[in-house]
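What follows is a single structure, written as structure tokens, with notes after it.
The values are calculated or read from the model by the stated rules, or taken from the named source; none is laboratory data. Just so we're clear, the structure is a prediction, and the values are computed from it rather than from any experiment. Cβ placement follows ideal geometry from the backbone for every residue including glycine, while neighbour counts extend to all protein chains displayed.
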Amino acid sequence: MRRSDFLLCVLDAFGGSIEGRTLLQKRCFFVALLLKQDNLYGFRAHYYGPYSPAIDETLAELVSLGLVDERRIGFGAVGSEGFEIRRHDYRLTPDGRAIVESFRDEHSSSYKQIEEVAERIIEAGNPGYMELSVAAKAWYIIRSENRPMTLSEITNEARGFGWNVDASSLSRSAEFLRKLDLVSKGVRQ
């Protein structure tokens, strides 16, 4: 599947829009992970957990082609780095929807897989961008360590990546990962 088709289908499977670039990245990460295709997108450790430059580049292409609408919402506040705090929201355009419909007709099983995974994510709690980021970080650490870990061990390892993970968010994220059958025995209290 082409990256552009993947990204358009993920947007569609989550209702045609996603609020925030971080949420979009993490939803793409978990969809790719659950489809066992995460290696195709080059996810690597980044500020808010696993991040794919390929997804980011593809998103920029889709915006420039008019298939995805990007809205920048400023909050009027300035962060500690001196930059305005803003969010980037993404919505399929009518042309983007037409591409998804065509893909769905030609590749119904691939689309159906993405749609089913999106439903699993929603049923597992449909976390917001912060909690999904913590879940992605926790899973990334558990996979890299390749062993069962306690919440405390995950928190300590997260510091090595420069990630600040609080215990309550991590606990909720571990439950989300369990519901997705990603860490049935991977996280201990």
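Is it the case that the stretch 140-149 has a residue that's under 24 Å from Ser52 (Cα atoms) and in contact with a Ser or Thr (Cβ under 8 Å, 6 or more places away or on another chain)? No, the conditions are met nowhere in the stretch 140-149. For the stretch 43-53, state whether one or more residues are in contact (Cβ under 8 Å) with a residue 60 or more places away in the chain and exposed (fewer than 14 other Cβ atoms within 10 Å of the Cβ). Yes, the stretch 43-53 has at least one match. Within the option set Asp38, Asp69, being among the acidic types (Asp, Glu) and under 12 Å from the mean Cα position of the chain (by Cα) holds for one residue only, Asp38. For the stretch 10-57, the set of residues classified as over 18 Å from Glu70 (Cβ atoms) and assigned to a helix (DSSP H, G or I) consists of Ala13, Phe29, Phe30, Val31, Ala32, Leu33, Leu34, Asp38, Asn39, Leu40, Tyr41, listed by residue number. Counting only helices (runs of 4 or more DSSP H) that sit completely within the stretch 102-189, those holding 3 or more residues that are at pLDDT below 90 correspond to 129-145, 151-160, 167-179. Which one is modelled with the highest pLDDT among residues in the stretch 58-90 that are surrounded by fewer than 12 Cβ atoms within 10 Å (Cβ to Cβ) and part of a loop (DSSP other than H, G, I, E, B)? Residue satisfying both the conditions and the ranking: Gly66.
For (1) hydroxyl-bearing (Ser, Thr, Tyr); (2) touching a strand residue (DSSP E or B) at 6+ places or on another chain (Cβ under 6 Å); (3) closer than 15 Å to Ser173 by Cα, each residue gets a yes or a no:
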{"position": "Ser109", "(1), (2), (3)": "yes, no, no"}
{"position": "Ile114", "(1), (2), (3)": "no, no, no"}
{"position": "Glu119", "(1), (2), (3)": "no, no, no"}
{"position": "Lys137", "(1), (2), (3)": "no, no, yes"}
{"position": "Ile141", "(1), (2), (3)": "no, no, yes"}
{"position": "Arg147", "(1), (2), (3)": "no, no, no"}
{"position": "Glu153", "(1), (2), (3)": "no, no, yes"}
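Against the conditions (1) over 17 Å from the mean Cα position of the chain (by Cα); (2) within 17 Å of Leu23 (Cβ to Cβ), where does His107 fall short? Just the number, please. The failed condition is (2).
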